[in-house]
1. Restricting attention to the range 78-90, which residues are closer than 12 Å to residue 117 by Cα and surrounded by 13 or more Cβ atoms within 10 Å (Cβ to Cβ)?
2. Filter the range 75-108 for residues that are touching a strand residue (DSSP E or B) at 6+ places or on another chain (Cβ under 6 Å), more than 15 Å from the ligand (Cβ to nearest atom) and outside any loop (DSSP other than H, G, I, E, B) and give the result.
3. Taking residue 70, is it part of a helix (DSSP H, G or I) and farther than 21 Å from residue 102 by Cα?
4. Across the range 15-61, what is the total count of residues that are part of a helix (DSSP H, G or I) and closer than 16 Å to residue 108 by Cβ?
5. Would you pick out the residues in the range 29-43 that are in contact with a strand residue (DSSP E or B) (Cβ under 9 Å, 6 or more places away or on another chain) and more than 9 Å from the ligand (Cβ to nearest atom)?
6. Take the range 45-72 and flag every residue that is buried (at least 24 other Cβ atoms within 10 Å of the Cβ), within 16 Å of the ligand (Cβ to nearest atom) and under 17 Å from residue 22 (Cα atoms).
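Values in this text are rule-based calculations from the coordinates and carry no lab data. The shown structure was predicted, so the numbers you read here are calculated from the model rather than taken from an experiment. Neighbour counts are summed over all protein chains in view; Cβ atoms, including those assigned to glycine, are modelled from backbone coordinates with ideal geometry.
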Ligand SMILES: [Zn+2]
């Protein structure tokens, strides 16, 4: 069962759409559910000045992106980059387990847009994330 917070964000997504000139952008697909997510960022002076999310998919994906934009807005870039799935899940009142791919999609967008979080192995190697996609800044 979806929480009131999740239902609210799914029905009334915050900061929807794309930014005309993002400084960073990330995208994620989750084929089993048919979800597509884009997140656009305007980073300036080390902070998230603006963030938008465009989602085609299930209610959980729409809600996760919506709640993420509210959490990310105004954050220092480093805090935005390392937003945790636990924080996001809490903001959504706990996504049911079969829909938690929505959390992963947000983290994937963040990793693509802002760079990888520290996912070092005990041997000192690092997880192979794609390089951040940036147009400028
Ligand atoms: Zn989904």
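1. Of everything in the range 78-90, those that are closer than 12 Å to residue 117 by Cα and surrounded by 13 or more Cβ atoms within 10 Å (Cβ to Cβ) turn out to be 79, 80, 81, 82, 83.
2. The answer is 76, 77, 80.
3. The answer is no for residue 70.
4. Filtering the range 15-61 for residues part of a helix (DSSP H, G or I) gives 31-33, 59-61.
Remaining after also requiring closer than 16 Å to residue 108 by Cβ: 31-33, 60-61.
Selection size over the range 15-61: 5.
5. Selection gives 29, 36, 37, 38, 39, 40, 41, 42, 43.
6. Once the filter is applied, which keeps residues that are buried (at least 24 other Cβ atoms within 10 Å of the Cβ), within 16 Å of the ligand (Cβ to nearest atom) and under 17 Å from residue 22 (Cα atoms), the range 45-72 yields 53, 55, 65, 68.
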